[in-house]
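The values are calculated or read from the model by the stated rules, or taken from the named source; none is laboratory data. Please read these numbers as outputs of a predicted model, since none were measured by experiment. Cβ sites come from the backbone with ideal geometry, for glycine too, and all protein chains shown count toward neighbours. Accessible surface is based on the protein model in full, side chains and every heavy atom, while ligands, DNA and RNA are left aside. Shrake-Rupley method; radii C 1.70, N 1.55, O 1.52, S 1.80 Å.
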Amino acid sequence: MSNAILIVAVVAVYGTSLFFIERIFRRFNILTEQTLLRSSPIDAVRGLLATSVVCHHFIVTYYWKVNGVWDRPKSDLLNNMGAVPVSLFFMITGFLFFGKIYKKNPDWGDILRSRIQRVMPLYVFVVFMVFMISLMKAGFVIDADPKGLLKGLVSWGLFVGSSFNGVSDSVHMTSGAHWTLRYEWLFYLSLAIVATVVNAKWYGKYLILSMLVMVLAIPGVYVGLVVPKMALLFFIGFAPVIMKMYLPSFLPLIKNRVCSLVVLVSIVCGMFISQQYSIVQMLVLGVPFIIIALGNDVFGVLSSRGLKALGEVSYSVYLTHGLILYLLFSVFEVFSFDGGSVFQYIALLPVVLALVSVCSVMTFFVIEKPFIRVGNKKVPVLS
């Protein structure tokens, strides 16, 4: 079977599935008041990015179950369905948080508290589910080695991941998605340093804390847990903030159809770059990101209410899809990898995307949204 045929099949099924999911999501009242009040295309982009990662890990799962090795498929496009969204997610983070500190007086306590409330509750839930599934895989027999259990908890606490209770599959139960939170948190904790540089202002204990965290992260560079060049993705996110402030007359020009075409061409080029997270790929992807962040909705696609609703639950989509893939194909074994063809497997992609979307709506309302409301001080305590 030609690799090209496989790629076309995956992209076609993914695109068709996304079309119907968008149609369904636009009918539900998912968007928060804050999202409804703004018109940023970034909100819609998140939904596209998160579901693309699901598709990538769906394919990785197939090769893992067939070959016994968790590895990337032999296709630049399929690999970049994971790498490109992550790159753009990091740029979005850089854009949003640089906007909170540049030429402003940041409330560091509020920023840190909001990040804990926004990111950690769902992550704790996912890690708990990883532990429970691992416990189930071990026949509900808890490993007698407390040091091993503690080591696993510390590893997941640092967003590294490891086996739980002696179950080697544990680290694959999130499809490895947790690794990006390591970079997200390093960026959040480096913000005081960034603010000191760009605002030329001393931030006291917050700056000292930020510098301490960066020093503690140095060993991670030597063992491969932290790749310094990834910081460029966050830095690219700074560009639209600066352009909005100093080039306001340029903003109306960025919303024309020519720029929309540039976005599409740049994304396609980025998807076929063989070296994921290379400097070249980062710079190529920076072009469409900056255009979108400045308000271009790419021929109206990113003004879609359905995509914005999907974007609202994108964190849940991103963080929980690994659990669903593992439960479906490693616990309940809904597909026979010995007898079934890859095309039969691909036919299950719409089911997976639909199931991930439904479950993500549930985790958004049950876990994410209550803590978002607390973070926004709309309710005094969780009810």
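Among the residues of this structure, Gly139 counts as one that is open to solvent by 20 Å² or more (accessible area, probe 1.4 Å), outside any helix (DSSP H, G or I) and among the small types (Gly, Ala, Ser). Within region 169-227, being small (Gly, Ala, Ser) and part of a helix (DSSP H, G or I) holds for Ser170, Ser190, Ala192, Ala195, Gly204, Ser210, Ala217, Gly220. The condition (being among the small types (Gly, Ala, Ser) and either at positive phi or free of Cβ contacts under 8 Å to residues at least 24 places away in the same chain (or both)) is satisfied by just one residue among Ser330, Ser341, Ser304, Ser357: Ser341.
Between Met129, Met211, Met173, the distinction of being under 30 Å from Ile290 (Cα atoms) and modelled with pLDDT of 95 or more belongs to Met211 only. Could you tell me whether Ile292 is touching a residue at least 12 places away in the same chain (Cβ under 8 Å), more than 24 Å from Val86 (Cβ to Cβ) and either within 21 Å of the chain's Cα centre (by Cα) or open to solvent by less than 80 Å² (accessible area, probe 1.4 Å) (or both)? It is false that Ile292 is touching a residue at least 12 places away in the same chain (Cβ under 8 Å), more than 24 Å from Val86 (Cβ to Cβ) and either within 21 Å of the chain's Cα centre (by Cα) or open to solvent by less than 80 Å² (accessible area, probe 1.4 Å) (or both).
Taking the stated definitions as given, is Val298 farther than 29 Å from Ile5 by Cα and open to solvent by less than 40 Å² (accessible area, probe 1.4 Å)? Against the criterion (farther than 29 Å from Ile5 by Cα and open to solvent by less than 40 Å² (accessible area, probe 1.4 Å)), Val298 does not qualify. None of Val198, Val213, Val171 is open to solvent by 20 Å² or more (accessible area, probe 1.4 Å), touching a strand residue (DSSP E or B) at 6+ places or on another chain (Cβ under 9 Å) and of a type in the set (A, V, I, L, M, F, W, C) except Val171. Of the set (1) open to solvent by 30 Å² or more (accessible area, probe 1.4 Å); (2) of a type in the set (A, V, I, L, M, F, W, C); (3) in contact (Cβ under 8 Å) with a residue 60 or more places away in the chain, all apply to Val86 but (1). Against the numbered list (1) under 22 Å from the mean Cα position of the chain (by Cα); (2) more than 26 Å from Leu191 (Cβ to Cβ); (3) not in a helix (DSSP H, G or I), Val160 comes up short only at (2).
State whether the residues of region 260-267 include one that is within 28 Å of Phe365 (Cα to Cα), buried (at least 21 other Cβ atoms within 10 Å of the Cβ) and modelled with pLDDT of 95 or more. Checking region 260-267: not a single residue is within 28 Å of Phe365 (Cα to Cα), buried (at least 21 other Cβ atoms within 10 Å of the Cβ) and modelled with pLDDT of 95 or more. Search region 224-249 for residues being over 23 Å from the mean Cα position of the chain (by Cα) and without any contact (Cβ under 8 Å) to a residue 40 or more places away in the chain, and hand back the single one that is surrounded by the most Cβ atoms within 10 Å (Cβ to Cβ). Only one residue fits best here, namely Leu247.
Give the residue, chosen from Leu285, Leu325, that is assigned to a helix (DSSP H, G or I), within 28 Å of Ser40 (Cβ to Cβ), open to solvent by less than 10 Å² (accessible area, probe 1.4 Å) and out of contact with any Cys (no Cβ under 7 Å at 6 or more places or on another chain). Walk me through how you get there before you give the answer.
Working: Leu325 fails: within 28 Å of Ser40 (Cβ to Cβ).
Leu285 is the lone residue from the list that is assigned to a helix (DSSP H, G or I), within 28 Å of Ser40 (Cβ to Cβ), open to solvent by less than 10 Å² (accessible area, probe 1.4 Å) and out of contact with any Cys (no Cβ under 7 Å at 6 or more places or on another chain).
When Val154, Val130 are checked against the criterion of being of a type in the set (A, V, I, L, M, F, W, C), part of a helix (DSSP H, G or I) and open to solvent by less than 60 Å² (accessible area, probe 1.4 Å), Val130 stands alone in meeting it. Figure legend. Inter-residue proximity from region 187-213: first residues without any contact (Cβ under 8 Å) to a residue 24 or more places away in the chain, second residues of a type outside the set (Lys, Arg) and in a loop (DSSP other than H, G, I, E, B), beta-carbon distance below 6 Å, spacing 6+ or different chains. Indicated pairs: Thr196/Tyr203. Here Ile30 does not qualify as open to solvent by less than 50 Å² (accessible area, probe 1.4 Å), at pLDDT below 95 and touching a Leu at 6+ places or on another chain (Cβ under 6 Å). When we screen Phe337, Phe332 for residues that are over 20 Å from Thr180 (Cβ atoms), of a type outside the set (Lys, Arg) and open to solvent by 60 Å² or more (accessible area, probe 1.4 Å), the only hit is Phe332.
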